[in-house]
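Right, one structure below, let's go through it.
The values are calculated or read from the model by the stated rules, or taken from the named source; none is laboratory data. Quick caveat, the model's predicted, so the values are computed rather than measured. Don't worry about glycine lacking a Cβ; one is built from the backbone with ideal geometry, like all the others, and counts go over all protein chains shown. Heads up: the accessible areas ignore ligands, DNA and RNA and are worked out on the full protein's heavy atoms, side chains in. Shrake-Rupley method; radii C 1.70, N 1.55, O 1.52, S 1.80 Å.
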Amino acid sequence: MVVGLGKPEELKAPDFEKIGSSLTALLNQKKAVNADVAFTTEGMHLKHHEAHDAAARMAQAALLSAYRFDKYLTKEPKDKKPTLKHLAFTVDNPAKAKKAFADAEKVANGVYLTRDLVSETPNILYPESFAAIIKKELTPLGIKVKVLDEKDIVRHGMGALEAVGQGSARPPRLVTMEYKGAGKSDKNVCFVGKGVTFDTGGISLKPGPGMEDMKWDMAGAAVVTGLMKALAARGAKVNAVGVVAIAENMPSGTACRPSDIVTSMSGQTVEILNTDAEGRLILCDALWYAQEEFKPTHIVDLATLTGAIIIALGHEYAGIFCNDDDFAKDLITSGKSVGEELWQMPLNDAWDKAIDSPAADMKNISGGRDAGSAIGAHFLKRFIQDGVKWAHLDIAGVAWSTKDRASVPKGASAFGVRLLDQYVAEFCEK
Ligand code: BES
Ligand code: MN
Ligand code: ZN
């Protein structure tokens, strides 16, 4: 086969991602099992480092686009399965390309873990089993994993997380993953993820049609898990901690009710007016715990927090809310270079006021339909301590893809793993 790459002078390293993905699709379509790719950057205006980066990108994209979640397809005919087993690249500088690919492959493995978790069904993946997978996957990599069970959650005064979990027969968990890759460092980064293993809405029940999508309401926590795996596997020189709050949001006789007032770990009280705004409730305790326990300089939280972010940005961008424009810029830059795009959204004191409650320190919804994603962000912001740089990524529109994209087959995208790995590589390690 001869593959056209377009105008050589216009090709940039990221373009090789599309090439690697389409190549893989094409080879499978042709039922190929083994393939060698003769790859030369001759005549291309790539800088020296970009040449092997291009090769590594192509190979990583081949890996990423080959992801499938097919463990429950017991009757799929053999000729429907992809055939491609081996893909080799002949490059100008194999040693350098190999080195670039070594890290890219570890990041891809992190993406695979995230996709497996997000794709897994909620009868199998619930707080306890999710926590057990984290422990099993990350402990061998030298990450210190600590699991807080429902008793620990109550003991620490995490009344908001407790409230969300209390309607389910499957009690909540809070898991921390500590990775120390840098002896001393002026940056101490915390990644915090929303892990709602199924979101029925609770007593504020969601409508039936489409509710199955809420199996991926734990994507934020899965991204944090896959990211920590990637960072540790490639030996990133950073001190980073993952914190995930995991709960199942169910309606039942023990569920929390609209009008309940709970006390969060921070001491602030919250009037729950809509039990379907549960993500911010579990995150407020996770954020507070992360700050008390690990004293981070920077926090990034990831959450499938609001349907409103899909109305605003569709499926092409995740929304970023951030209390520090330089921090936001670094994250946006990192996203661009791996094709996981962020769009900065505004914070405004008027939206902070909108969650004041006459009965408690705050309420968990504004009550209106305006600026729904920003309201969620402002709720979280009330739990960020002075001086901490914080970014909230609302990934509701990008966590699951309904169409095939370069490096992202239909389904769980793992959006955020590559972005934050890149952020660490570019802005924490250097
Ligand atoms: N998990 C949902 C948000 C969501 C919606 C993610 C669609 C992915 C696709 C979240 O818990 C939720 O229910 N948010 C509510 C908030 C509202 C009650 C203020 C929403 O967006 O409707
Ligand atoms: Mn909800
Ligand atoms: Zn939710």
Beta bridges by DSSP in the chain, antiparallel share as percent, to the nearest 5: 45 percent
Result row for the chain, helices from DSSP H with C-alpha axial extent 24 Å or more and mean Kyte hydropathy at least -0.5, is 48-65, 94-119
Rounded to the nearest 0.05, what FRET efficiency is calculated for residue 69 and residue 1 with R0 set to 25 Å and r the Cβ-Cβ distance? 0.30
Can you sort 261, 332 by solvent-accessible area, 1.4 Å probe, largest first? 261, 332
Ordering 381, 363, 7 by the accessible surface of their heavy atoms, 1.4 Å probe, largest first, yields 7, 381, 363
Please list, by residue number, every one of the trypsin sites (Lys or Arg not before Pro) in the stretch 210-260 that is coil in DSSP and has at most 16 other beta-carbon atoms within 10 Å. 237
In the stretch 194-318, taking the dipole from +1 charges on Lys and Arg beta carbons and -1 charges on Asp and Glu beta carbons about the Cα centre, the listed residue (312, 223, 286) farthest towards the positive end is 223
P(r), alpha carbons of the stretch 121-428 - 20 Å bins starting at zero, rounded %: 37, 60, 3
Provide 384, 153 ordered by accessible surface of protein heavy atoms (probe 1.4 Å), highest first. 384, 153
Taking a probe of 1.4 Å, how large is the accessible area per residue of the chain, in Å²? 44 Å²
If I compute solvent accessible area with a 1.4 Å probe over the protein chains, what percent of it on the chain is carbon and sulfur? 53 percent
At 7 Å along Cα-to-Cβ for each site, give me the label-to-label distance between residue 185 and residue 401 in nm. 2.8 nm
Can you flag which of 98/229; 106/144; 229/295; 98/389; 184/430 are past 24 Å Cα-Cα? 98/389
For the stretch 8-92, rounded, prolate or oblate, judged on the Cα gyration tensor with a ≥ b ≥ c (square roots of eigenvalues), a/c < 1.5 rounded, else prolate if a/b > b/c? prolate
Roughly what would the spin-label model give for residue 323 and residue 49, points 7 Å off Cα along C-beta, in nm? 3.3 nm
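When the chain is fully extended, how far beyond the present Cα-Cα distance does residue 93 get from residue 144, taking 0.36 nm per residue of separation?
Working it through step by step, the gained length comes to 14.6 nm.
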What nm distance separates the two modelled labels at residue 259 and residue 348, each placed 7 Å from Cα along Cα→Cβ? 3.3 nm
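Round to the nearest 0.05 the FRET efficiency obtained for residue 9 and residue 29 when R0 = 30 Å and r is the Cβ-Cβ distance.
Details: r = 29 Å, r/R0 = 0.98.
Rounded to the nearest 0.05, the efficiency is 0.55.
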